[in-house]
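Reading through the structure tokens given below for one structure.
The values are calculated or read from the model by the stated rules, or taken from the named source; none is laboratory data. Note that the coordinates shown come from a computational prediction; the quantities given were computed from them, not determined experimentally. Here the Cβ is made from the backbone with ideal geometry for all residues, glycine too, and neighbour counts use every protein chain on show.
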Amino acid sequence: MGKQVKDFNEGERIDTNLLISQLVRGTTNSGSPYLSLVLQDCTKSIEAKLWDVKPELEKQLEVGKVYDFDIEVIKYKNNLQAKVLKVLPIPQSDIKMDDFVFRSPVDKDTLRNSIQEGISLINNEKLAKIVSGALNYYANDVYEYPAAAKIHHNFIGGLATHTAGMIKVAVALCNVYPSLDRDYLLAGVILHDLGKIEELSSPVVTEYTKEGKLLGHISIMDARLLQIGKELGLEDSEELLLVRHMILSHHGQYEFGSPVRPETLEAEMLNLIDNIDARVNTIDKALSEVKEGEFTGKIFALDNRVFYRHK
């Protein structure tokens, strides 16, 4: 297996197996071809450059496969980066993929129980049927897919981890503010990102599907809910109308992809809870990669701010 990415240090030369999770072709100012890569194991990822790449080697390299990399670890813009010195193919049948992919820190059974507990708190029978119908439609994928290709909860089981975290926040918020309708808020939390299962290609090294690029998970889930509502005979119910509104508005702003803005109390809170859980995960991830007393690199999703890891 070799040295893990989390243990890489500047100035080291390392020979180890790594998975290619991203690959972008480029050309230098002098016309030489190169590859920008993201390499990873189950502990961490690292950006890498392969300069003066030969055409025959470039044809061999594929996203989602593991190779034997000989690299030099350097520091670039205050972040570690790998300079690829040599790369060799290895039989993929010899690879244990769990050594190279990111997984939720919470096991699948625990996530499943957390989401089922959330459903059990929904007293409105129509809402409970709609939520259960959506979960049954997507089945086990709910517990395998990431919540995003990048940024937050971008690991196997990330979608369910994100949902389970939001359920806890929603329940706590309802205990503080009795005016919130817990049934609607929990329904919105559980349903809001399920469209990502169709937006993203797979749980591992995911990309956006054609539907994901052209429609996006918000529109996908709205259409799916309408279909489920019709199958349940609930297409004209206010419950279906309001949860569809929560899906369509959960990004909060037009510029963030919401076709409408929140216009119920629960829709407004869904947007805020979504942001809370996503931001905590994003910042936690960045802080885990620096030592106490240091700042993270700039986080693009958070206005390119840096965050300080205090003691």
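Observations on the model:
- When the residues of region 32-56 are filtered to those that are charged (D, E, K, R) and outside any loop (DSSP other than H, G, I, E, B), the one that is surrounded by the most Cβ atoms within 10 Å (Cβ to Cβ) is 49.
- Qualifying position, being farther than 19 Å from residue 285 by Cβ, in the same structural domain as residue 79 (by TED's automatic domain parsing) and surrounded by 14 or more Cβ atoms within 10 Å (Cβ to Cβ), among 17, 29: 17
- Verdict on residue 104 being surrounded by 17 or more Cβ atoms within 10 Å (Cβ to Cβ), in contact with a strand residue (DSSP E or B) (Cβ under 9 Å, 6 or more places away or on another chain), hydroxyl-bearing (Ser, Thr, Tyr) and over 19 Å from residue 247 (Cα atoms): yes
- Flag not set for residue 90, criterion: modelled with pLDDT of 90 or more and surrounded by 14 or more Cβ atoms within 10 Å (Cβ to Cβ).
- Any chance residue 69 is of a type in the set (Phe, Trp, Tyr), modelled with pLDDT under 95 and either surrounded by 15 or more Cβ atoms within 10 Å (Cβ to Cβ) or on the phi > 0 side of the Ramachandran plot (or both): no
- Test: residue in region 302-311 that is within 22 Å of residue 47 (Cα to Cα), outside the structural domain of residue 174 (by TED's automatic domain parsing) and buried (at least 20 other Cβ atoms within 10 Å of the Cβ): no
- Just one of the listed residues (191, 180, 173) is buried (at least 20 other Cβ atoms within 10 Å of the Cβ), among the hydrophobic types (A, V, I, L, M, F, W, C), touching a residue at least 24 places away in the same chain (Cβ under 8 Å) and touching a helix residue (DSSP H, G or I) at 6+ places or on another chain (Cβ under 8 Å), namely 191.
- Taken together, 280, 290 contain a single residue that is within 23 Å of the chain's Cα centre (by Cα) and in a loop (DSSP other than H, G, I, E, B), which is 290.
- Of the criteria (1) surrounded by 14 or more Cβ atoms within 10 Å (Cβ to Cβ); (2) over 30 Å from residue 66 (Cα atoms); (3) touching a helix residue (DSSP H, G or I) at 6+ places or on another chain (Cβ under 7 Å), which one residue 199 fails: (2)
- Look at region 120-145: where a residue is within 15 Å of residue 187 (Cβ to Cβ) and a partner is among the aromatic types (Phe, Trp, Tyr) and in a helix (DSSP H, G or I), sitting 6+ places away or on another chain with Cβ atoms under 9 Å, you get 122/184; 124/184; 127/184.
- All positions within region 123-170 that are aromatic (Phe, Trp, Tyr) and not in a loop (DSSP other than H, G, I, E, B): 137, 138, 143
- Cross-chain or 6+ apart pairs with Cβ under 9 Å, region 87-99 first and of a type in the set (S, T, N, Q), then not in a helix (DSSP H, G or I): 92/65; 92/66
- One residue alone among 15, 68, 52 is within 27 Å of residue 104 (Cα to Cα) and acidic (Asp, Glu), and that residue is 68.
- Residues that are more than 30 Å from residue 45 (Cα to Cα) number at least 2 in the following helices (runs of 4 or more DSSP H) confined to region 190-271: 216-231, 238-249.
- For residue 268, the requirement of being closer than 28 Å to residue 301 by Cα, acidic (Asp, Glu) and either surrounded by 14 or more Cβ atoms within 10 Å (Cβ to Cβ) or in contact with a Cys (Cβ under 8 Å, 6 or more places away or on another chain) (or both) is met.
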